[in-house]
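No lab work stands behind these numbers, since they all come straight from the coordinates. Quantities reported herein were computed from a predicted structural model and do not represent experimental measurements. Counting neighbours? That spans all protein chains shown, and the Cβs are built from the backbone with ideal geometry, glycine included.
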Amino acid sequence: MTARFIDTHCHFDFPPFTGDESASVEKAARAGVDKIILPATEADNFARVSALAQQHEAIYMALGLHPIVIERHTDASLDRLENYLAAPSDKLVAIGEIGLDLYRDEPQFDRQETLLDQQLILAKRYDLPVILHSRRTHDKLAMHLKRHDLPRTGVVHGFAGSLVQAERFIQLGYKIGVGGTITYPRASKTRNVMAQLPLEALLLETDAPDMPLNGFQGQPNRPEQVARVFATLCELRPEPAEVIAEAIWRNTVALFTFAGE
């Protein structure tokens, strides 16, 4: 079958794509990747992310302040974010990558929560979905999302939590990002979760250049690998590949507003 894919999470502003963007977009297109969403991580990246989205038809952008670099964000960063949101662009499809992260030794978690709340308020104000990062914070993140009750909801990217946690996000109206983790046979918990969730709740992503797939360890991940993620998902689920491809495409264009779709 010939399927069309949307990589809903690719850091295309990072190496190895830097300076090779056109060739990388073409390589992804040959694998069926029609669209790539590029989420920013900090205010200093906004201009480059925006420029890449304007230069390449396939690239769309999300703008946000990532919790893993909390020390780089200031009130001025939030102002810069709102300035971009206030200037309409048909290439801006979400606020992200935002969220919560308890991976670091000194996560400044109170600041993370405040910044998340501020960005969720902006998402509601500008009627945009959100691309969410969550590491060791699924239950706390769900509490914030429930409190803000966004009309456009969003996606919990790179999900590797439990079935119960995934179902709670889905009950709140959020999608679940399916990435390269499912290509590892040892990732049985995540593989089982993705096999059981409603098909209507799933999106595809790579998180390139991070999260390399099984068999590609040590290499930068790339957006064309979303086709391999899809193939693995088809192995895990009972539906025909055509049904899965169509549903995931439909889920993605329903969540994000793409020009021409």
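Cβ crowding within 10 Å, taken as a proxy for footprinting-reagent exposure, orders Met143, Met211 from fewest neighbours to most as Met143, Met211.
Highest mobility in the GNM of the chain, judged by mean-square fluctuation with C-alpha springs under 10 Å and restricted to Leu115, Leu92, Leu197, is found for Leu197. Ignoring the sites themselves, the chain has its longest run without trypsin sites (Lys or Arg not before Pro) in a DSSP loop having at most 16 other Cβ atoms within 10 Å at 5-103. Charged neighbours of Asp117, selected by a Cβ distance under 13 Å, balance to +3 (K, R count +1; D, E count -1). Per residue, the average separation of C-alpha pairs within less than 8 Å and at least 6 apart gives the range 110-219 a relative contact order of 21 percent.
Under unit Cβ charges (Lys, Arg +1; Asp, Glu -1), what dipole magnitude, rounded to 20 debye, does the range 5-255 have relative to its Cα centre? My answer is approximately 580 debye.
Here's how it looks for Thr206: its modeled amide H is under 5 Å from those of Thr8, His9, which are all 5 or more places away or on a different chain. Only helices at least 27 Å long along their axis, Cα-based, and averaging 1.0 or more on Kyte-Doolittle count here, so list those DSSP H runs from the chain. What comes out of the filter, once short or polar helices are dropped, is none.
Electrostatic bookkeeping for Ala241 treats Lys and Arg as +1 and Asp and Glu as -1; over the other residues with beta carbon under 14 Å from its beta carbon, the sum is -1. Computed from label points 7 Å out along Cα-Cβ, the spacing between Asp105 and Gln219 is 3.5 nm.
Projecting the Cα atoms of Leu197, Gly158, His73 onto the dipole axis of the range 5-255, where Lys and Arg carry +1 and Asp and Glu carry -1 at the beta carbon, places Leu197 farthest toward the positive end. Sorted fewest first by neighbouring Cβ atoms within 10 angstrom, Thr18, Thr137, Thr181 come out as Thr18, Thr181, Thr137. Pairs of Cα atoms nearer than 8 Å and 6+ residues apart set the relative contact order; for the chain it is 20 percent. Legend: ranking of residues Ser162, Ser188, Ser50 from fewest to most surrounding C-beta atoms inside 10 Å; resulting order Ser188, Ser162, Ser50. For the chain, the Stokes-Einstein estimate of translational diffusion at 4 °C and a viscosity of 1.567 mPa s comes to 71 µm²/s, using the Kirkwood hydrodynamic radius over alpha-carbon pairs. Rg and Dmax of the range 89-179, based on Cα coordinates, read 12.5, 39 Å.
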